[in-house]
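What follows is a short report on a single structure.
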Amino acid sequence: MLRVKRFLLPFLIVGVFVAGWILNGCVDYKNEDKIVEYTISAQLNQDYTINAKQQVLYTNNSQNFLNYVKFNLYPNAFKKDAKHSPINEVDKDNAFVNGPSYGEITISNLKVGETSLPVILEGQDDNVLSVPVALEPTEQVMISFDFFLVLPNIRFRYGYTDKSINLGQWYPMVAVLQNGHFVTEPYFSLGDPFLLEVANYDIKLTTPPDYVLASSTSFERKLIYQQNEAVLQFAMKGLRLREFAICLSNQFKVASKQVDGVNLLYYYYQDEDFQKSLETATLALLTFNELYGLYPYNQLSVVQTTLINGGMEYAGLVMIADNLDRSAHLEVIVHEIAHQWWYAVVGNDQINHAWLDEGLAEYSTTIFFEKHTQFGISRKDRVAKAITTVCVFADSNGYGFGGKTIILDKPLNQFANGSEYVALVYAMGQTMFDSLRTFVGEKVFFDALRVFYKDNMFDLVTPDYLIGAFEYSANRDLQTFFDGWLYGNNYLFVTN
Ligand SMILES: [Zn+2]
């Protein structure tokens, strides 16, 4: 049996303490800033390539002169000899359904305003497009280019299989300007290696005529003729979305429901009890609306698709792996929907502070099952399971009394492997929130999350924002509590 013992230092009450909110702005971005406007016109070809034209209206929201704007080109991580492959060695067999397969993105016809410029790629995998500009603060520029995508044959967030096509992080994405630098971290095979700001989207996608499309927003669908061939044209507009994802399949069936004014859609191709899936998604939307504040978009697409495992969150769209057992399937639906509050609407740096959105999404899943007893999953059981996961990890990796310190708040590249990532970010993350709830009480805990959500909608936050929200609600210093959990300063595991 494993047992966990915690030693927490005495807390120092210092009254209302919200300095974290004021002092620790993480990006050169504020709610009143002009956000990026994307206009993309794309065509999906029969051979799983995409030809597209993209225009980006970019505003210099910083206080400084900008001489370039950078874009992350995530599809180049899927190239044959990529140094930062999205796929771990251990996942390769699961991911590549028909043997190794590669993808990439090529940029051409780059223009800034009316001026044509050479394409400059940076990064070890040509994963960054650097565009020269000359922008004073508040000035805007129109950047345009063509891009060509090759999709890999892979069960992953970007790629295709015989069941479906997943378009996550598929277009050149403007990098976040943080402390005067554009964040262009390479891809990483653990977690979700992204830092993204909300933007507005106007997207047209033409596809072969047999596809059903799921997207981050509602869309218009038209059958048109191109060179005597019938094609489908989808027109989509999305406001203040953290990113724009699309799934396509010629096998999708769709079930839908209006929930609190939101068009909730469930796309699936193998689900004998699709009503239960839709009902679970409905309950999740209702529950988190009530607990945290209203979901701000008019549509939410829950999409069963081919992924290696689990699910993947996008604004307005969540991908659910088609290889889950029934109870995991429902849990993943709830977890990914919780990400609409924690990641999509309130954004965070998923590269350096993955526990923030994952811990909150995982603990929101526990709260969901606690409130809906018909699923037969209790808070106590889920938290106990999480504690056991952390203990097993700690026990087998030399983190014990007098041993190494567990650091939860660290960048993705400092996690040794997938098991450490899961044990810490998900299991320890949710255990921390459960412990916090017990410590500060129900009212303070949920008031804090409501304030945190309302005050940071469509923004990017650092951990200090979250800590500040809890300190404000609890009317006390909680730094010691969080330091203990995030940096192991006073958190000891004892196993026997
Ligand atoms: Zn998650």
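Kindly indicate whether GLU243 is within 16 Å of the ligand (Cβ to nearest atom), assigned to a loop (DSSP other than H, G, I, E, B) and not polar (S, T, N, Q). Answer is yes for this residue.
Could you tell me whether region 214-229 includes any residue that is part of a loop (DSSP other than H, G, I, E, B), out of contact with any Lys or Arg (no Cβ under 7 Å at 6 or more places or on another chain), free of Cβ contacts under 8 Å to residues at least 24 places away in the same chain and not assigned by TED's automatic domain parsing to the domain that holds LYS163? Taking every residue of region 214-229 in turn, at least one turns out to be part of a loop (DSSP other than H, G, I, E, B), out of contact with any Lys or Arg (no Cβ under 7 Å at 6 or more places or on another chain), free of Cβ contacts under 8 Å to residues at least 24 places away in the same chain and not assigned by TED's automatic domain parsing to the domain that holds LYS163. Assessment of region 440-454 against the conditions (within 30 Å of ASN397 (Cα to Cα) and surrounded by 19 or more Cβ atoms within 10 Å (Cβ to Cβ)) yields no matching residue. Test GLU336 against the criterion of being within 16 Å of the ligand (Cβ to nearest atom), free of Cβ contacts under 8 Å to residues at least 60 places away in the same chain and within 13 Å of the chain's Cα centre (by Cα), and give yes or no. When the stated conditions are applied, GLU336 passes them.
Here's the yes/no breakdown for (1) more than 23 Å from the chain's Cα centre (by Cα); (2) not hydrophobic (A, V, I, L, M, F, W, C):
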position: THR373; (1), (2): yes, yes
position: SER378; (1), (2): yes, yes
position: ILE387; (1), (2): yes, no
position: VAL392; (1), (2): yes, no
position: PRO411; (1), (2): no, yes
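Annotation note: of GLY310, GLY316, GLY347, the sole residue that is at positive phi and more than 12 Å from the ligand (Cβ to nearest atom) is GLY316.
Per the conditions (1) closer than 26 Å to PHE274 by Cα; (2) of a type in the set (A, V, I, L, M); (3) not in a helix (DSSP H, G or I), the sole criterion not satisfied by ALA328 is (3).
Would you check if there is a residue in region 354-364 being more than 16 Å from MET432 (Cβ to Cβ), within 11 Å of the ligand (Cβ to nearest atom) and either part of a helix (DSSP H, G or I) or not hydroxyl-bearing (Ser, Thr, Tyr) (or both)? For region 354-364, residues more than 16 Å from MET432 (Cβ to Cβ), within 11 Å of the ligand (Cβ to nearest atom) and either part of a helix (DSSP H, G or I) or not hydroxyl-bearing (Ser, Thr, Tyr) (or both): absent.
The values are calculated or read from the model by the stated rules, or taken from the named source; none is laboratory data. From a predicted model like this one, the values you see are computed outputs, not experimental measurements. Cβ atoms come from the backbone with ideal geometry, glycine included; neighbour counts cover every protein chain shown.
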